[in-house]
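Below is one structure, written out as structure tokens; the observations come after it.
The values are calculated or read from the model by the stated rules, or taken from the named source; none is laboratory data. Fair warning: this is a prediction, and the values are worked out from it, not measured in the lab. Note that each Cβ is placed from the backbone with ideal geometry, even for glycine, and that neighbours are counted across all protein chains shown. Each accessible area value is taken on the protein alone, full model and side chains, heavy atoms only, with ligands, DNA and RNA left out. Shrake-Rupley method; radii C 1.70, N 1.55, O 1.52, S 1.80 Å.
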Amino acid sequence: MARETGESGETKSTKVKKHKRRKSKKESKTRIVHANILYDLTKGGDNPNRHYANNKIKTTKYTLLSFLPKNLFEQFHRFANVYFVFIALLNFVPVVNAFQPELALAPVVFILSVTAIKDLWEDYRRHRSDKEINHLDCLVYCRSEKRYVEKYWKEVRVGDFIRLRCNEILPADVLLLSSSDPDRLCHIETATLDGETNLKQRQVVRSFIDLDCEFDPFKYNSVIECEKPNNDLNRFRGYIIHRSGKRDGLYKDNLLLRGCTIRNTEEAVGIIIYAGHETKAMLNNNGPRYKRSKLERQMNVDVFWCVIILLVMCLFSAIGHGLWMFQYGDKRPVFDVLSPEGTELSPVVSAIYLFLTMIIVLQVLIPISLFVSIEIVKICQVYFIHQDMELYDEETDSHLQCRALNITEDLGQMQYIFSDKTGTLTENKMVFRRCTVAGVEYSHDANARRLAMYQEMDSEEEDCTSHGGTLPRRDSVTSHQSGKVVLRSQSTKSHRRTGSRAEAKRASILSKHTAFSSPMEKDITPDPQLMDKVNECSSQMEFMRFHSQSLNQIPPDLCDVFDFFIALTICNTVVVSSPNQPRQKLKSPVKTIEDFIKRFTPSRLTSGSNNSSSSSLATNRSSSHKVGCSMVSSPSAESTLTKLKEENPVPPNFDKTKALAQDECELRYEAESPDEAALVYAARAYKCALVGRLPDQVTVELPHLGKLSFELLHTLGFDSTRKRMSVVVKHPLTEQITVYTKGADSVIMDLIRPATDDCKGKRQRKILYKTQNYLNLYAADGLRTLCIAKKVLSKEEYASWLQLHLEAETAIQRREELLFESALRLETNLQLLGATGVEDRLQDGVPETIASLRKAGLQIWVLTGDKQETAINIAYACKLLDPEEEIITLNADSQVYPACTATVSLHGPFLVHRLGLVIDGRTLAYALDKSLEDDFLAVARSCRSVLCCRSTPLQKSMVVKLVRNKLKVMTLAIGDGANDVSMIQVADVGVGISGQEGMQAVMASDFALPRFRYLQKLLLVHGHWCYSRLANMILYFFYKNAMFVALIFWYQFYCGFSGSSMVDQWYLIFFNLMFSAFPQLVTGTLDKDVSAETLQELPQLYMNGQNSEEYKPYMFWMNMIDAFYQSLICFFIPYFAYVDSDVDLFTWGTPITTLALFTILLHLGIETKTWVSLVLYYAKSLFFIVALCYNASCPACFSPSNPYWTMQRLLGEPIFYLLCVVTPIALIEPNIFCTPIYIFAFK
């Protein structure tokens, strides 16, 4: 019985443990947040939020107690520092010491101290920044005072209720529970996170939308369960669980992120979910990147060889000392040094001790100051690059940023450049050019002439022979080969950036930080023929609505025109604002509800201007029940599903009042992409204006019909996999549930409903065929194409889809995958409406820059997501492809075709020597397979240009990684968008363009440029200079240290290899730090082998760095041989000059030191291209000043040395001056004569 009881007890305990294990596993995946006011009166240990991070930010690395040990620990991660500390400590051992221990420790302490002071200063700056941020004020609800009180940011905790005001920066990640906006929206600006200046909407949590009173924290009794802190800015998943047990989903549109700014919203209230270092902004703050340059890797190899040379010299000296001692036998020499116990040492033990002593004596061979000097030079180089005003862009008020300080020299060794197209080579300013609707093409000739006028305004420096920029209308698709010459003659002009600098400046001021809103992009001239159709369609609809007739009687082509522009207007995420909603705090108080609605809410009413303000408020309140989320956040699925079961739908209301044109022009569109803005402005040009957007409703103003409000049921956002976006709306005129879709033609065309054999089917086939032809023409003209389609759903179809979509929305596991599948189920059997052609103009100087980089020997690959025809035309315009090239086009549906093509390309003869490769995304996926990647690389290497189309972000990074790893070349990736981040991070050097698509690319890059054209000077000038300076500086350091150390080595043959030195220990220790390092710092920072103008005029000079001409492996050995030769001359000329004289050791050794310094500085003067004689004179003067002061004031500082008055006596002897003239000339003369012979023979 007892056994059974024990077994049952064990079973229960096992179950409890399993339950706890499951519970802890579940807790590890989610976070549960309670309101802190519920626990204010309890002990702190009872608060379930106590384990979460507080909001205090600490980015410093050290404290007062941890600074010294932690900093030293970090510095000792460098092998060089460990080596020099070991040498300094070895000098404290009496048996092997060569110098005074304190003196030997001085250089190491100096180097470590300089680095520590630099780290301390940087950490102090971080501390000041942290203190400033932590002491910002915010309003937090206090239970005891029953109101919001001011607190510092650092005092805020997870679970606190916080009130946010207009223009206030968010102190933490906050879940939005209330907003003063009547539609429960909050507008934020995320420029500090992603650089995007357009406003974004965030919405109140679904269950708090219909509150009729101000949010009261005391009434809050819900619990939030959400995901653990992560760095994904575009994802937030969780639930809010109410006391009733009801759960509502939480999405990214409910979360306000730390660092964002509240705009256009007077007040908002939320609860803090993540604080401090657990906020998404802080988790994304990775700090500066560290990369090791190619030159630094090669230098480390040569440092290793220096260690080998040092060990060989020490071993040779030890063997020589052992043999020297062995020849005396039992008769010990008078100069023999006894052991610490007073006994005699055997020759073997003496040799071992001498080996360690020689390591101390010859330690200068390893350049202790080289590593610090390189850091200083790189910082100075970055400073001067930043000061280059030619790399400053006045239009965007931005300049070059250097985010990686340690790879500046790599800029001079690039071999492959991988570039994005949109926003990198082009302006990313999308200008609407042409469209086709229902199979009819509208060329918009007048709009093209308007754009040509902008071009003429900006062409004062260029000769524009063309007076019109109209794209040619073609009746058929020209062949790829025959179209090349035509493209070359006109595409360069047609793709240049239009709009003068003055116009761009005015637009920047007028737009007030609104992206994609320059006059060139907004002021679109409509096509008269299409405008007539829009007016005709609208008038017919008004007539039929007025007479209560069915809209099915309208001709199909007019219906397609109407739906086409409706799709352009509402199938987007554009936020509408106006001058009544400035991005600043309210200047006058809001006195009434009516005034509030008028000033802060775009009109969402469909009943016209006759409705009273009270009815407006009622409409706002009643319609606010329908707010929800798209694939990220869509309207309430439950309420929509319930409404489908109602028998009598609510009739639509119409606004007959026409808005003034001036008011329309005042509307400001906050678009997330330039494509969206271009299409919305195009629709507005046809009087189909987007005038209001709410989470559940989009308001459009049409000619004759006035304002129509479309009930927005769902928004299926754009993603790179689906390559399209859709909106599901309830049509106000037909009461039908309609899906409007826009996306890439390669995707939309496959989703079109199969045509039937009836009249409608034939018409659909005809539209499909004609639209495809026009798409090919648009792509050939370099336009970005989008297809527009629609689909009408029955209530049964929608209810069936909605049920599955609701399950996907409420899933916490695999939510994104389920939502993706739900979107695929909806976006099928579409009806094609038409297509648009949008032009993205080349940036200034792109063709010239690419041509110059080509001459510099750089291979340029363009990796873009655009369709093949568009990318090819842009490639011709920017001179990436040339009409004289033979183009190899790889488009495959299986892996067999690219393999065969690669084989033919490798072995088949070509009639031309210049090839170009064009490959699409699907074929690229096959080509990147392990079995084909070598063949693909072989084909690509034989081509002058490579253009990868329809490539995904992952494919971009895979291509860069493949070329870098397989070909062992230096790669540079440049892009401007988030889809370029992986490519930028994989490359040896990543460059971000601070353009229109935010700052994701910049934040991931090593260097940031305002424009692509600045890449030319960055590489050809600054890259060349940085590489040349550092390469010569490193070789010079090896040379001067080896030359100085070899002098001591030659002396060992005359002192029995005893480790003695004829050079005073002060000179020996401080030779590197004080006398010879500073001149090289100046020349390493300021030396210019060629002027900037010459480097840009002759790009071929850049190949010097590509081929590592300044620093090849054999150059190290040449410098070593030169150093040993010069040390022989420098040693033996003074030796023979003072032989058989009565001078003491230091009187003979000081001239050798002086001559060595003179020779080294003269060698530097010859190697320096820009003569900096002042620095050389300074170094020589410094040596004499230090020597005179030291010899005069230190007669017995370090016994038994006695350098008293040595330099003073030498300056009074003529032989010293003769040596100072003859010796350097004898040393340098071979270099002067041999260098031209070497250049002529080998270069």
Every residue in segment 39-78 that is of a type in the set (D, E, K, R), part of a loop (DSSP other than H, G, I, E, B) and open to solvent by 80 Å² or more (accessible area, probe 1.4 Å), please.
LYS43, ARG50, LYS56, LYS58, LYS61, ARG78
Please indicate, with yes or no, whether at least one residue in segment 577-586 is in contact with a Cys (Cβ under 6 Å, 6 or more places away or on another chain), crowded, with 18+ Cβ neighbours inside 10 Å and either part of a helix (DSSP H, G or I) or at pLDDT 50 or above (or both).
no
Taking the condition of being farther than 23 Å from GLU427 by Cα and modelled with pLDDT under 85, how many residues in segment 763-794 meet it?
0
So, of the residues in segment 94-122 that are of a type in the set (D, E, K, R) and farther than 19 Å from LEU370 by Cα, which turns out to be nearest to the chain's Cα centre (by Cα)?
GLU122
Going residue by residue through segment 828-844, is there one that turns out to be open to solvent by less than 10 Å² (accessible area, probe 1.4 Å), part of a helix (DSSP H, G or I) and in contact with a strand residue (DSSP E or B) (Cβ under 9 Å, 6 or more places away or on another chain)?
no
Give the residue, chosen from LEU967, LEU962, LEU1015, that is surrounded by 22 or more Cβ atoms within 10 Å (Cβ to Cβ) and at pLDDT 85 or above.
LEU1015
Name the pairs: first residue in segment 50-64 and farther than 22 Å from ARG128 by Cβ, second residue open to solvent by 100 Å² or more (accessible area, probe 1.4 Å) and assigned to a loop (DSSP other than H, G, I, E, B), Cβ to Cβ under 8 Å, at least 6 apart or on different chains?
TYR52/ARG157
Checked segment 152-164 for anything in contact with a Leu (Cβ under 8 Å, 6 or more places away or on another chain) and under 11 Å from ASP137 (Cβ atoms); matches are TYR152, TRP153
Residues in segment 669-685 that are farther than 28 Å from ARG825 by Cα and surrounded by fewer than 23 Cβ atoms within 10 Å (Cβ to Cβ) total 1
Being closer than 21 Å to ASP980 by Cα and of a type in the set (Lys, Arg) is the filter here; which residues of segment 841-865 pass it?
ARG841
Quick one: would you say GLU536 is at negative phi, surrounded by 15 or more Cβ atoms within 10 Å (Cβ to Cβ), charged (D, E, K, R) and at pLDDT below 70?
no
Condition (residue is farther than 17 Å from ILE1048 by Cα, out of contact with any helix residue (DSSP H, G or I) (no Cβ under 6 Å at 6 or more places or on another chain), open to solvent by 10 Å² or more (accessible area, probe 1.4 Å) and in a loop (DSSP other than H, G, I, E, B)) applied to segment 1161-1168: is it met by at least one residue?
no
Condition set of a type outside the set (Phe, Trp, Tyr) and assigned to a loop (DSSP other than H, G, I, E, B), scope segment 1093-1117, selection nearest to ARG1013 (Cα to Cα): answer is LEU1098
Which listed residue, of PRO182, PRO229, PRO171, PRO217, is under 30 Å from the mean Cα position of the chain (by Cα) and open to solvent by less than 20 Å² (accessible area, probe 1.4 Å):
PRO171
I'm trying to understand the selection: among the residues of segment 328-360, which are outside any helix (DSSP H, G or I) and at pLDDT 80 or above?
SER346
Read through the list (1) over 42 Å from the mean Cα position of the chain (by Cα); (2) open to solvent by less than 50 Å² (accessible area, probe 1.4 Å); (3) closer than 30 Å to ILE272 by Cβ; (4) not small (Gly, Ala, Ser), then give the number of the only condition that ARG143 fails.
(2)
Inside segment 768-804, the number of residues satisfying the requirement of being open to solvent by less than 20 Å² (accessible area, probe 1.4 Å), of a type in the set (S, T, N, Q) and not in a helix (DSSP H, G or I) is 1
Search segment 1101-1129 for residues being among the hydroxyl-bearing types (Ser, Thr, Tyr) and more than 30 Å from SER1091 (Cα to Cα), and hand back the single one that is least open to solvent (accessible area, probe 1.4 Å).
SER1127
When you look at ALA404, is it in contact with an Asp or Glu (Cβ under 6 Å, 6 or more places away or on another chain), surrounded by fewer than 24 Cβ atoms within 10 Å (Cβ to Cβ) and of a type outside the set (Lys, Arg), yes or no?
yes
Identify the single condition in (1) in a loop (DSSP other than H, G, I, E, B); (2) surrounded by 24 or more Cβ atoms within 10 Å (Cβ to Cβ); (3) of a type in the set (S, T, N, Q) that SER1061 does not satisfy, given that it satisfies every other one.
(2)
Can LEU733 be described as of a type in the set (A, V, I, L, M, F, W, C), within 29 Å of SER577 (Cβ to Cβ), open to solvent by 10 Å² or more (accessible area, probe 1.4 Å) and over 32 Å from the mean Cα position of the chain (by Cα)?
yes
Identity of the residue in segment 1070-1088, open to solvent by 30 Å² or more (accessible area, probe 1.4 Å) and part of a helix (DSSP H, G or I), that ends up nearest to THR1153 (Cα to Cα):
PHE1070
Applying the selection to segment 79-100, what residues are among the aromatic types (Phe, Trp, Tyr) and open to solvent by 40 Å² or more (accessible area, probe 1.4 Å)?
PHE79, PHE86, PHE92
Give segment 1134-1160 a look and list any residue that's open to solvent by 50 Å² or more (accessible area, probe 1.4 Å) and either within 14 Å of ILE1228 (Cβ to Cβ) or part of a helix (DSSP H, G or I) (or both), or say none.
TYR1135, PHE1136, LEU1145
When the residues of segment 79-109 are narrowed to those that are small (Gly, Ala, Ser), assigned to a helix (DSSP H, G or I) and touching a helix residue (DSSP H, G or I) at 6+ places or on another chain (Cβ under 6 Å), which ends up farthest from TYR1067 (Cα to Cα)?
ALA80
Report the residue count in segment 915-950 for those that are in a loop (DSSP other than H, G, I, E, B) and not hydroxyl-bearing (Ser, Thr, Tyr).
9
Meets criteria (at pLDDT below 95, aromatic (Phe, Trp, Tyr) and part of a strand (DSSP E or B)) for TYR141:
yes
